[in-house]
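Enquirer: I have a structure I would like to understand better, so I am pasting it below and will then ask my questions one at a time.
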Amino acid sequence: MGGQPMFILSEDTERTRGEDAQTSNIQAGKAVAETVRTTLGPRGMDKMLVSDSGDVVITNDGATILEEMDIEHPAADMIVEVAATQEEEVGDGTTTASVLAGRLLAKAEDLLEDDVHPTTIVEGYHEASRLALDAIDEVTLDATLDDDLLEQVTESSMTGKGTGDIDAATLAETVVTAVKHAQTDDGVARDDITVRTQTGGGASATRLVEGVISEEEPVHAEMPRSVSDADVAVLDLDLDLQEANIDAEYNVTDVDQLEQAISAEEEELRSYAESVVDAGVDVAFVTGDIEDRVASILAKEGVLAVDSVSDDEATRITRTVGATTVGSVKDLEAEDLGSAETVRVETFGDEELAFIEGGANAETVTLFARGGTEHVTDELERALNDAIDVAIAALDEGGAVPGAGATEIAIADQIRSGTAAIEGRKQLAVEAFADAVDVLPRTLAENTGMDPIDALVDLRTTHESEGLAGLIAEGQTGHVGDPIEAGVLDPAAVKREAVESATEAATMIARIDDVISAN
Ligand code: ADP
Ligand code: MG
């Protein structure tokens, strides 16, 4: 070729290359990670996020903060993805993962300035991350995860979250009971655990419901509000006239015919109600509508009926009571019904909820979370969902490791002792990884109001001389101590995922030397 330059990009394409591309990507990634840094740990602060439309979210949860922020830079967006992946895979450790990714990027920037080639950085980071995973395996507690230990892991995930006026220990106990309830031979069935929030009352009114809660209320005021030993039907249909019938034009020529038409309608509606009653139904959950006249017959017969039940809710009710969903009321038979110890309607302000408890199968369990305002219940809901994931991760995915920065100190130590065996400049990258990991205990120290340098030195010395040591937060300050003794534990899976996803994001960003963006 030669001579004429060849244009392969349209004119309004923006292109940043080489070092410029790297620097701007790294800066963006670092900036995002820095935002969540102050929320790390039990003494971490909350963020208030205000959307364009003025909606306010107050949270301490890394994934939520990053998700709510309006981030446009593609490299910054990759850090947001780290948090999202972490949330999806293990449900906790989002701040840890994004702060680590940010620090890995900062260290990569230094290395690039020192003329270490991006490929060497990538190789070094991967090598270091393998050493980190080995270190995590080594500090994983051998002890079988009994309820006490599981409660400690769960509680550690909640300290510092806005859980209102209820203490984390009580919540942790409730969460562990819920998780144990949904435990099967194939692991915990996460879908069987629901968190349902309701404002009003303090967070201490939060409790465990062995079953499900339906958001809909009874369709008729005269229906019973509480039924025990209930035979429960789940109906995926309308208890209403077929549309074809309603729309049909009656060719009415005399009064007799009109009456006939009306009574035919009545007859049809009555037959629906009778099918339900005859099958022996005490309580019916219907996904469609229930016509007023059907509702009033059901009420007279003492049947509690709820309509407009969502599909998800219907499925959960089915699993709780052991019913078979029926799609046509004429097919309804006694054997399709499930059973519950109680179905009870409770009033909360101007809302009514139906509690279905003690079902025949009762595989499902609901954490009924209360709080004074919606901000409280929202944050409580996030904390509980994280806590459920944490307990499951510890139970099903490889146990617990000491928290409070102790595992991070062990990781950095393991990497540093491995560097001597690594040749060339790659060694610098491996060392840089260890330095990056230090950001986690350092941040915990900062957020606890301790001097970060002193704390880190103290931690390392204690780690050398006495073994595992962490920064135990206590009241307004913290001290160096044994996290296992203090009951500060994290799931091993959370740490593993954080190392893996942070490494992946940082190495991907460091490798980019050309940003081509269509405008
Ligand atoms: P993440 O989003 O990464 O889970 P958190 O704000 O939940 O961030 O903080 C998690 C860190 O806080 C973990 O390293 C955990 O070990 C630590 N931690 C939890 N409870 C305590 C405590 N009482 N003292 C010190 N550190 C704690
Ligand atoms: Mg957490």
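The values are calculated or read from the model by the stated rules, or taken from the named source; none is laboratory data. What you see is a predicted model; the values in this text were computed from it and never measured. Methodologically, a virtual Cβ is constructed for each residue, glycine included, from the backbone with ideal geometry; neighbour enumeration extends over all protein chains shown.
Enquirer: Within the range 460-468, is even one residue of a type in the set (S, T, N, Q), farther than 17 Å from GLU138 by Cβ and without any contact (Cβ under 8 Å) to a residue 12 or more places away in the chain?
Expert: So in the range 460-468, the residues of a type in the set (S, T, N, Q) come out as 461-462, 465.
Add one more test, that the residue is farther than 17 Å from GLU138 by Cβ, and what stays is 461-462, 465.
Checking which are without any contact (Cβ under 8 Å) to a residue 12 or more places away in the chain leaves us with 461, 465.
Checking the range 460-468: at least one residue is of a type in the set (S, T, N, Q), farther than 17 Å from GLU138 by Cβ and without any contact (Cβ under 8 Å) to a residue 12 or more places away in the chain.
Enquirer: While we're looking at this one, here's another question. For the range 328-364, enumerate the residues that are out of contact with any Asp or Glu (no Cβ under 8 Å at 6 or more places or on another chain), without any contact (Cβ under 8 Å) to a residue 60 or more places away in the chain and farther than 16 Å from VAL277 by Cβ.
Expert: The answer is GLU335, THR347, ASP350, ALA360, ASN361.
Enquirer: Among the residues of the range 259-273, is any modelled with pLDDT of 90 or more and within 42 Å of the chain's Cα centre (by Cα)?
Expert: Yes, because at least one residue in the range 259-273 is modelled with pLDDT of 90 or more and within 42 Å of the chain's Cα centre (by Cα).
Enquirer: Filter the range 97-118 down to the residues that are within 16 Å of ligand 1 (Cβ to nearest atom) and over 15 Å from VAL80 (Cβ atoms) and list them by number.
Expert: The answer is ARG103, LEU104.
Enquirer: Next question. Any idea which residue in the range 377-399 is surrounded by the fewest Cβ atoms within 10 Å (Cβ to Cβ), counting only those that are away from ligand 1 (no atom under 16 Å from the Cβ) and under 16 Å from the mean Cα position of the chain (by Cα)?
Expert: Taking the range 377-399 first, the residues away from ligand 1 (no atom under 16 Å from the Cβ) are 377-378, 395-396, 398.
If we keep only those that are under 16 Å from the mean Cα position of the chain (by Cα) as well, we get 377-378.
Values: THR377: 24, ASP378: 19.
Looking at the filtered set, the residue picked out is ASP378.
Enquirer: OK, next. Do you know which residues across the range 473-499 are more than 16 Å from ligand 2 (Cβ to nearest atom) and of a type in the set (Val, Ile, Thr)? Steps first, answer last, please.
Expert: From the range 473-499, those more than 16 Å from ligand 2 (Cβ to nearest atom) are 474-482, 484-486; that's our starting set.
Across the range 473-499, the qualifying residues are THR477, VAL480, ILE484.
Enquirer: Looking only at residues that are outside any helix (DSSP H, G or I) and surrounded by fewer than 13 Cβ atoms within 10 Å (Cβ to Cβ) in the range 464-477, which one is farthest from ligand 1 (Cβ to nearest atom)?
Expert: The residue in question is GLN476.
Enquirer: Six or more apart or on different chains, Cβ atoms under 7 Å: show the pairs whose first residue is in the range 138-158 and closer than 17 Å to ALA383 by Cβ and whose second is modelled with pLDDT of 90 or more and charged (D, E, K, R).
Expert: So the pair list comes out as GLU151/GLU173; VAL153/ASP490; SER156/ASP490.
Enquirer: Continuing with this model, one more query. Taking THR325 and the conditions (1) surrounded by 20 or more Cβ atoms within 10 Å (Cβ to Cβ); (2) touching a helix residue (DSSP H, G or I) at 6+ places or on another chain (Cβ under 9 Å); (3) not charged (D, E, K, R), which numbered condition does it fall short on, given that it satisfies the others?
Expert: Answer for THR325: the failing condition is (1).
Enquirer: Something else now. Tell me, yes or no, whether the range 325-333 has at least one residue that is among the aliphatic types (A, V, I, L, M), closer than 21 Å to ASP289 by Cα and not in a loop (DSSP other than H, G, I, E, B). Working first, answer last.
Expert: The first filter runs over the range 325-333 and keeps only residues among the aliphatic types (A, V, I, L, M), leaving 326, 329, 332.
Applying the additional criterion that residues be closer than 21 Å to ASP289 by Cα yields 326, 329, 332.
Okay, now just the ones that are also not in a loop (DSSP other than H, G, I, E, B), so 326, 329.
Scanning the range 325-333 turns up at least one residue that is among the aliphatic types (A, V, I, L, M), closer than 21 Å to ASP289 by Cα and not in a loop (DSSP other than H, G, I, E, B).
Enquirer: Sticking with this structure for a sec: Which of the residues spanning the range 403-433 are of a type in the set (A, V, I, L, M) and closer than 26 Å to VAL153 by Cα? Before the answer, list the steps.
Expert: Going residue by residue through the range 403-433, those that are of a type in the set (A, V, I, L, M) are 404, 406, 409-412, 415, 420-422, 428-430, 432.
Matches in the range 403-433: ALA404, ALA406, ILE409, ALA410, ILE411, ALA412, ILE415.
Enquirer: Are any residues in the range 485-506 assigned to a helix (DSSP H, G or I) and among the acidic types (Asp, Glu), and if so, which ones? Even if it seems obvious, please write down each step before you answer.
Expert: Looking only at the range 485-506, we keep the residues that are assigned to a helix (DSSP H, G or I), and these are 485-486, 492-506.
Passing the criteria: GLU485, GLU497, GLU500, GLU504.
Enquirer: Residue check, GLU374 against (1) more than 15 Å from ligand 1 (Cβ to nearest atom); (2) in contact with a helix residue (DSSP H, G or I) (Cβ under 7 Å, 6 or more places away or on another chain); (3) charged (D, E, K, R), all met but one. Which one?
Expert: Failing condition for GLU374: (2).
Enquirer: Further question on the same structure: Restricting attention to the range 358-391, and to residues there that are assigned to a helix (DSSP H, G or I) and acidic (Asp, Glu), which single residue is nearest to SER157 (Cα to Cα)?
Expert: Narrowing the range 358-391 to residues assigned to a helix (DSSP H, G or I): 374-391.
Still in the running and acidic (Asp, Glu): 374, 378-379, 381, 386, 389.
Numbers: GLU374: 21, ASP378: 16, GLU379: 13, GLU381: 13, ASP386: 7, ASP389: 10 Å.
It comes out as ASP386.
Listed here are the residues, each with its yes/no results for (1) in a helix (DSSP H, G or I); (2) over 22 Å from ALA505 (Cα atoms).
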{"residue": "ILE411", "(1), (2)": "yes, no"}
{"residue": "ALA432", "(1), (2)": "yes, no"}
{"residue": "ALA436", "(1), (2)": "yes, no"}
{"residue": "ASP458", "(1), (2)": "yes, yes"}
{"residue": "HIS479", "(1), (2)": "no, yes"}
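Enquirer: In the set ALA203, ALA233, which member is surrounded by 15 or more Cβ atoms within 10 Å (Cβ to Cβ) and modelled with pLDDT under 85? Break it down into steps so the answer makes sense when it comes.
Expert: Values: ALA233 fails: modelled with pLDDT under 85.
The unique qualifying residue is ALA203.
Enquirer: Taking the stated definitions as given, is ALA486 within 12 Å of ligand 1 (Cβ to nearest atom) and either among the hydroxyl-bearing types (Ser, Thr, Tyr) or out of contact with any helix residue (DSSP H, G or I) (no Cβ under 7 Å at 6 or more places or on another chain) (or both)? Before the answer, list the steps.
Expert: Values: within 12 Å of ligand 1 (Cβ to nearest atom): yes; either among the hydroxyl-bearing types (Ser, Thr, Tyr) or out of contact with any helix residue (DSSP H, G or I) (no Cβ under 7 Å at 6 or more places or on another chain) (or both): yes.
Criteria met by ALA486.
Enquirer: Follow-up. Is at least one residue of the range 115-126 free of Cβ contacts under 8 Å to residues at least 60 places away in the same chain and within 14 Å of ligand 2 (Cβ to nearest atom)? Before you say what the answer is, go through the steps one by one.
Expert: Of the range 115-126, the ones free of Cβ contacts under 8 Å to residues at least 60 places away in the same chain are 115.
Going one step further and asking which of them are within 14 Å of ligand 2 (Cβ to nearest atom), we end up with none.
Within the range 115-126, not a single residue is free of Cβ contacts under 8 Å to residues at least 60 places away in the same chain and within 14 Å of ligand 2 (Cβ to nearest atom).
Enquirer: Is it true that some residue in the range 451-463 is more than 16 Å from ligand 1 (Cβ to nearest atom), of a type in the set (A, V, I, L, M, F, W, C) and within 30 Å of GLU87 (Cβ to Cβ)?
Expert: Taking every residue of the range 451-463 in turn, none turns out to be more than 16 Å from ligand 1 (Cβ to nearest atom), of a type in the set (A, V, I, L, M, F, W, C) and within 30 Å of GLU87 (Cβ to Cβ).
Enquirer: May I ask you to list the residues in the range 337-353 that are of a type in the set (Gly, Ala, Ser) and under 29 Å from the mean Cα position of the chain (by Cα)?
Expert: ALA340, GLY349
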